[in-house]
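Taking it in order: structure first as structure tokens, then the write-up.
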Amino acid sequence: MRVTKGMTVLFVLSFLVWIGLRVIVSIQFNQECGGHLKRAADASTIEMAKTELETSLKYLEANNLTKGYTSIIYNTPNEDIGFWYQNLKASFTELEKVSPEASQLEKTNILMKLRETLLDTSENGIKVTIPQGIAIFPFNMLFAGFGLITSMLCVIGVIPWIEKTL
């Protein structure tokens, strides 16, 4: 099969569409949930933390992100949405239990515990604890397949043009 310029353009564009979709979905998830989790972790009062955590929980529930795994081939604990969601719910329940008469030390300890629950330290610094691939869940298999196919087509389409220039 001979690859034409039109086919190459189509293959490259399909790959760029896949990249664009991944970026858009990731940004939307961060705006609607991930960013609020970070704000809950950074909150200086129980009320602020509750508000931000509640916003994230409502998003997760509205989008059925409360159970399952984001992995495609095999399940690992860091991709368990159910555990992560239940952990967030438990943290919210703890925030709700805090009485207005609680001492500042008690409130600070609860906020520190929340921060430890919501954030992880990685080689790139501090990041929000989120199952990898949750932004595209439950379409992880679809996105992986589309990405694999479009990247292969992109390579197939570009190689003949690279060979011509060499």
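The values are calculated or read from the model by the stated rules, or taken from the named source; none is laboratory data. Everything numeric here is computed off the predicted structure, so don't read it as measured data. Reconstructed Cβ throughout: ideal geometry from the backbone, glycine too, with neighbour counts over all protein chains shown. Quick note on the areas: whole protein, heavy atoms, side chains included, nothing else; ligands and nucleic acids left out. Shrake-Rupley method; radii C 1.70, N 1.55, O 1.52, S 1.80 Å.
Please report the net charge: other residues with Cβ closer than 12 Å to the Cβ of A135, K and R +1, D and E -1.
Neighbourhood net charge equals 0.
Match the structure shown to one of the listed values (i) 72, 38, 32; (ii) 76, 28, 24; (iii) 60, 32, 26 of Cα extents along the principal axes in Å, computed from it, and give that label.
Recomputing Cα extents along the principal axes in Å here picks out (ii).
At a 1.4 Å probe radius, which order do T108, T51 fall into by accessible area, largest first?
Result of the area sort, largest leading: T51, T108.
Provide, for region 33-166, the number of lysine pairs with alpha carbons under 13 Å apart, each pair being eight or more places apart or on different chains.
Lysine pair count for region 33-166: 10.
Using the crude model of +1 on Lys and Arg Cβ and -1 on Asp and Glu Cβ, and no other charge, please compute the dipole size for the chain relative to its Cα centre, in debye to 20.
Value, rounded to 20: 700 debye.
Using DSSP to define loop residues, name the chymotrypsin sites (Phe, Trp or Tyr not before Pro) in region 40-110 whose beta-carbon has at most 15 other beta-carbon atoms within 10 Å.
Those that pass, being in a loop and sparsely packed, are Y74.
Between N63 and S103, what is the label-point separation in nm under the 7 Å Cα-to-beta-carbon projection?
Inter-label distance under the simple model: 4.1 nm.
If amide hydrogens are placed 1.01 Å from N in the peptide plane, which non-local residues have theirs closer than 5 Å to the one on L119?
T129
Helix 46-62 against the longest principal axis of the chain: what's the angle in degrees, Cα atoms only, rounded to the nearest 10?
It is inclined by approximately 40 degrees.
Can you compute 3J(HN,Hα) from phi for each residue in region 96-112, using the Karplus curve 6.51 cos²θ - 1.76 cosθ + 1.60 with θ = phi - 60°, rounded to whole Hz and x for Gly and Pro?
Listing the rounded values in order: 5, 6, 5, 7, x, 8, 4, 5, 4, 5, 4, 4, 5, 5, 5, 5, 5 Hz.
Relative to the first principal axis of the alpha-carbon coordinates of the chain, what is the inclination of helix 5-29, with its axis defined by its Cα atoms, in degrees from 0 to 90 and to the nearest 10?
Helix 5-29 sits roughly 0 degrees off the main axis of the chain.
From the residues L88, T129, S71, which one has its Cα farthest along the dipole of region 30-166 in the positive direction, the dipole being from +1 and -1 charges on Cβ of Lys/Arg and Asp/Glu about the Cα centre?
S71
Picking from P138, S56, L16, whose Cα lies most toward the positive end of the charge dipole for the chain (charges on Cβ: Lys, Arg +1; Asp, Glu -1)?
Highest projection toward the positive end goes to L16.
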